[in-house]
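Below is one structure, written out as structure tokens; comments come after it.
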2 protein chains.
Amino acid sequence: MSSLGELMGEYAGRVALGRYYEGQDCSLARALELLGERWTMLLVRDAFYGVRRYADFLAHLDIPRAVLADRLRTLTEAGVLARRRYSDSPPRDEYVLTDRGRELWAPFYLLSQWGERHLSAAGPRRLFAHADCGTLLDPTGACPRCGRLAPPEEIEMRPGPGQQDDHRTDPVSQALRRPRRLLQPLLPHHEPG
Amino acid sequence: MSSLGELMGEYAGRVALGRYYEGQDCSLARALELLGERWTMLLVRDAFYGVRRYADFLAHLDIPRAVLADRLRTLTEAGVLARRRYSDSPPRDEYVLTDRGRELWAPFYLLSQWGERHLSAAGPRRLFAHADCGTLLDPTGACPRCGRLAPPEEIEMRPGPGQQDDHRTDPVSQALRRPRRLLQPLLPHHEPG
DNA sequence: CCTTCTGGTTCATTCACTGAACCATGCGTA
DNA sequence: TACGCATGGTTCAGTGAATGAACCAGAAGG
């Protein structure tokens, strides 16, 4: 349906509706053609939280199956996610963030913090701390103690005071309410790669 | 059609399709309900570039008029943009970023830089420099010389080597190809209040 | 009175998302 | 061998949102 080559190449006059911003010669428009469709950013967010499997995305997002399959395909073709086999005897694949995908942490964190400040009635639902030293990150995503931006691998997510607003009962949501390191697989179902 | 109150309040079971992510108890989902619709983020980007008037957004974005009117209404109700009268004798209004809107600079800049690194074939189309000292910003949006994040008011935008890929001929695009301070009105049409 | 500028609204068409049903593979076990 | 089930999809009719062209209205200006 869509490939990175198509995304980076010439597509003058080809598609007029939907995901493309043809006339916009702008890198933000390019990023939004990939990430700006409905559900896509939430899917990447879940990947940071450790969700890796089709069924787990489905349980946590209430996303239509067809849309989920399409988004996983698009993000994989764009090199944001990688599809990886973690089991052979039942053949099972998982989707994990690539380096390119992990670089999205900072913009996602900042956008989320903006939403927290301006659109959330209760307090923060999730808190993010630098796992190495236990210090809560500042609104820019930096660790105040270490004085540098914390990469997602070093971040621990904890429930915050607004967590009570989370009414979801699926197993994925329950797992995500416990303190956990970002990018770590959600459940000890398997030992990846 | 939508208000900030509606956005922040309870809307359990009310809307199932379109812009809302009902089941998602997450501040990123809240932010995306407001900003994640088609065209909305590009509109905010243009506001950072100094675009303020309906006709100028229209000329620069090739956005359907009905969608533009809807997005301006939604962003204004959410307090991201403010509608301001800048002329009485022909009554004219403009849309300017509020404090809340200007806080979106950092996430937008980071997302745009990500797109620049991974989805743009040519070099950067636009360069951003700290106007006070003339130094180019680093990929996090900080001024390497001053050692701090540059707020949008202090940023100058200049054409970069990838600028040649910009084929737009409308007056707004032409104005945006010249070096300019962010948030400053696009054309000296008027002296805003 | 006629035209232009600006900032919209209306509406038929087209496209994307939704949700429910269905399908295929590969175990596990009886 | 059959049955059941977990996983990861595809198909498709129905719905809602985006598109784009046409139309509209207020206020100058000539």
When Cβ neighbours within 10 Å are restricted to other protein chains, what is their mean count per residue of peptide A:96-109?
3
What is the local net charge at residue A:180, summed over the other residues whose Cβ is closer than 11 Å to its Cβ (Lys, Arg +1; Asp, Glu -1)?
+4
In peptide A:41-52, how many Cβ atoms from other protein chains are near each Cβ within 10 Å, on average?
2
Measuring from centroid to centroid over Cα atoms, what is the spacing of segment B:148-162 and segment A:131-182 in Å?
31
Which distances, in nm and shortest first, link the residue B:122 label point to the same label point in every other copy, taking 7 Å along Cα→Cβ?
5.0
When A and B pair up, the total accessible heavy-atom area removed from solvent (1.4 Å probe), in Å² to nearest 100, is 4800
Please work out whether segment B:120-193 counts as rounded, prolate or oblate from its C-alpha gyration tensor, where a ≥ b ≥ c are the square roots of the eigenvalues and a/c under 1.5 means rounded, while otherwise a/b larger than b/c means prolate and anything else oblate?
oblate
By the scheme Lys and Arg +1, Asp and Glu -1, what is the net charge of all other residues having a beta-carbon under 13 Å from that of residue A:37?
+3
Net charge dipole size for segment A:14-76 [Lys, Arg +1 and Asp, Glu -1 on Cβ; Debye, nearest 20]:
180
Normalising by the residue count of segment A:51-193, find the relative contact order in percent from Cα pairs under 8 Å and 6+ residues apart.
21
Which of the cysteines found in the protein assembly as shown have nothing to pair with, since no other Cys Cβ lies under 4.7 Å from theirs?
A:26, A:133, B:26, B:133
Residue list for segment B:35-63, given a label point 7 angstrom along the Cα-to-Cβ vector of residue B:84 and an amide N cut-off under 20 Å:
B:43-58
Residue B:59 paired with residue A:99, simple spin-label distance in nm, labels 7 Å along Cα-to-beta-carbon:
4.4
Whole-Hz ³J(HN,Hα) from phi, Karplus 6.51 cos²θ - 1.76 cosθ + 1.60, for segment A:156-168, glycine and proline x:
9, 9, 10, x, x, x, x, 4, 4, 6, 8, 9, 6
Which chain A residue puts its Cβ closest to the axis that rotates A onto B, and at what distance in whole Å?
A:107, 3
Helix-only [θ] at 222 nm, chain B, -39500 (n - 2.57) per DSSP H run of 4+, per residue, nearest 500, equals -10000 deg cm²/dmol
Got a number for carbon plus sulfur as a percent of chain B's accessible area, 1.4 Å probe?
53
Counting only other residues whose beta carbon sits under 14 Å from that of residue B:132, what net charge do I get with K and R as +1, D and E as -1?
0
7 Å along Cα→Cβ for the label point: how many nanometres lie between residue A:184 and each equivalent label in the other copies, listed shortest first?
5.1
Only Cα pairs under 8 Å and at least 6 apart count here; give the relative contact order of segment B:104-181 as a rounded whole percent.
30
How far, in nm to one decimal, is residue B:79 from itself in the other copies if the label point is set 7 angstrom along Cα toward Cβ? Shortest first, please.
4.1
Under unit Cβ charges (Lys, Arg +1; Asp, Glu -1), what dipole magnitude, rounded to 20 debye, does the protein assembly as shown have relative to its Cα centre?
120
Provide the per residue accessible area, probe 1.4 Å, for the protein assembly as shown, rounded to a whole number of square angstrom.
44
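The values are calculated or read from the model by the stated rules, or taken from the named source; none is laboratory data. Just so it is clear, the structure is predicted and the values come from calculations on it, not from any experiment. Cβ atoms come from the backbone with ideal geometry, glycine included; neighbour counts cover every protein chain shown. Side chains are part of the model used for accessible areas, which takes the heavy atoms of the whole protein and leaves out ligands, DNA and RNA. Shrake-Rupley method; radii C 1.70, N 1.55, O 1.52, S 1.80 Å.
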